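The values are calculated or read from the model by the stated rules, or taken from the named source; none is laboratory data. Worth saying up front: this structure is predicted, and the values here are computed from it rather than measured. Neighbour counts are summed over all protein chains in view; Cβ atoms, including those assigned to glycine, are modelled from backbone coordinates with ideal geometry.
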Amino acid sequence: MTRFLPSRAPHPGVRRACLSAVAAVLALALVIPGTARAAERPDTFATLADDLLPTVVNISTTQKVDEDDARQKFEEFFREFFEKRGEGGEPPQHPRRRPSSLGSGFVIDSAGYIVTNSHVIADADEITVRFHDDTTKKAEIVGRDEKTDLALLKVTTDKRLQAAEWGDSEETRIGDWVLAIGNPFGLGGTVTAGIVSARSRDINAGPYDDFLQTDAAINRGNSGGPMFNTDGDVIGVNTAIFSPSGGSIGIGFAIPSAIAENVINQLRQTGDVQRAWLGVRIQSVTPELAEGLRLEDPRGALVASVSDGGPAASSGIRQGDVILRFDGRTVEEMRELPRMVAETRIGKAVDVVIWRKGERRTVQVELGKLQDEKVARFRSEESRSQDETGEQTKRLGALGLDLAPLTDGARNRYDLSAQAKGVVVTGVEGSGTAADKGLNEGDVIVEVDQQEVSSPDEVAERVAAARREGYRVVTLLVFTNGDYRWVAVEIGKG
C-alpha cells in the first residue's frame, strides 16, 4: 500500500489504499407507517459482480532508474566487497532495474478512457492496463489532478470495452450496501462488499476532502478502483484506508462521484482542472470565536485574510467577516466553502451572505480563476515596565499578556515585516488564557473584536468594553509568521 497523499500531512494511521472494490447491494427497506425495517443483506452479490467485473482494470506502472546513478552505486558496492576479500576483478554487469507499482481503475467510456488515482500513476514512465479477460494495453495519461488525487488514462484498442456508469453519491445514505472491485496485492479482480459507514469525512488528504467511508475490505493495490451501489453505478473512487498495520481493518475512504465525475470530465476536455477562486483565507468558527463575534451558532467560515485584488476584496468582503451562505448554499463548516467555490463556474456572479459586526449582509462576488500558487484591562490590573529595547510594555492581566507599541525597535527585535501593524506581544503568562490559545512572544495583535488597535491602551480599552457588555471572550486578529489568524481569548480576572 502506498502512503497517504505525500504532498500533505496525513493522519499517522491513514495510509493510501489502491482501493479494492467495495460492493454494495441494498435490499429495499420496507417502510410501514410508524415503523421501519432495516434492509436485509442479499443472498449473493454474484449477478452484480458478473456484470461489473469487466469494467474494472488492473494498473501497473514502471519507472526507469537513472543508469549512471544505478551503475555508480552498484560498482561501489562490489568494489567494497572485493576489497574486503582481498580480490581484484571487475564488478559483474547488472540488469537494468525498473521499479513497479500496482493499482486499480475502471473504464468510463468504451473508447478506452480509464479512471484511477493520481498517486497510482505518479512518476510513471510506462503504464500497463490489464483487463478482465487478461489482455493488456499500454496507457497514456490524459490528465491528472493532485488536489483530488484523480487521473484519467486512455488506451487504444479496436475492441469495444465495457464501461461503468457514474452514479449520484449525493443520494447515498449511511448504511447503504456497496460493492468494491480492485487489484489488492496484485491479485487481480477481487470483489468485496460492505456498507457506507459515514459521509463527508475529512482525513487531511487535501483541500477538497469529502470522502465516503466504508467497511468493505480495501487493501494495498485497490487505489483507483470503483465503489458501486446496488444499481451497479459508480458512487466513489477508492483512495485510502485507515490502517496502523497496512492491512484492512474496515475503514476505507472513497472520493464521491459528485466530485470525481466533474474532475474527470474536465480532464477529458482540457487535460487539467480549472477551479474558481474567491480570494480569501479562512478558518473554522469555534464556539469561543462565535461568542466573540456575537454569532448565535458556531458555523460558517471566518475570513482570516483577503487577497489583494482578488474577487472577494473587489466585492467588499473584509477580514473578520463570517461567510454563512455561498451561492444559495449554507456553509455549516469552514471546510465546505473551498469545495463550493471549486465546483462553481469561473466568472459566475454569486451571492455571498456574511456576518459582520453583529449583522447579516449580502454581497455579490464574480469568481476568478484559481492559480496553482494561490492554493478564511482595567487600569487597576496594569503594570508598566521597560523591555530590553527600551520600549514601554503593558501587562494585561485579563489576557495574560505583556504588550508594547509596534516601533522600529520591536520590529527589529522580533524580525517583523512592514506588513505587520498593531500591538506586539512581548510576554505571555504561562497559565493565562492567551497561552492556552497559542499566543507567543513576537505575535502582533491587529484587531480586538474587529476593531483595529495601535497601542496597548487601546487593547485594554477593548477588553474592558467587552467585559462591561457582559461578554466572556474577545476575538483577536493575530499576525504570526507572515499570516493572519483569529483567536478567541477568554477574559480572565487579571
Given (1) assigned to a strand (DSSP E or B); (2) modelled with pLDDT of 90 or more; (3) over 22 Å from P54 (Cα atoms), identify the lone condition not met by R299. (1)
Please specify each residue of the range 436-494 satisfying the condition of being modelled with pLDDT under 85, part of a loop (DSSP other than H, G, I, E, B) and β-branched (V, I, T). I491
In the set T47, T62, the lone residue that is modelled with pLDDT of 70 or more, out of contact with any strand residue (DSSP E or B) (no Cβ under 9 Å at 6 or more places or on another chain) and either farther than 23 Å from I181 by Cα or of a type outside the set (D, E) (or both) is T47
Just to check your reading of the model, which residue among Q213, Q274, Q266 is within 22 Å of the chain's Cα centre (by Cα), closer than 29 Å to G347 by Cβ and not in a helix (DSSP H, G or I)? Q274
Reported set for the range 120-141 where residues are among the β-branched types (V, I, T) and either surrounded by fewer than 20 Cβ atoms within 10 Å (Cβ to Cβ) or more than 28 Å from the chain's Cα centre (by Cα) (or both) is T128, V129, T135, T136, I141
Look at G250 and say whether it is surrounded by fewer than 19 Cβ atoms within 10 Å (Cβ to Cβ), touching a Ser or Thr at 6+ places or on another chain (Cβ under 9 Å) and small (G, A, S). yes
Looking only at the range 191-207, decide whether some residue is surrounded by fewer than 20 Cβ atoms within 10 Å (Cβ to Cβ), in contact with a helix residue (DSSP H, G or I) (Cβ under 8 Å, 6 or more places away or on another chain) and not assigned by TED's automatic domain parsing to the domain that holds E333. yes
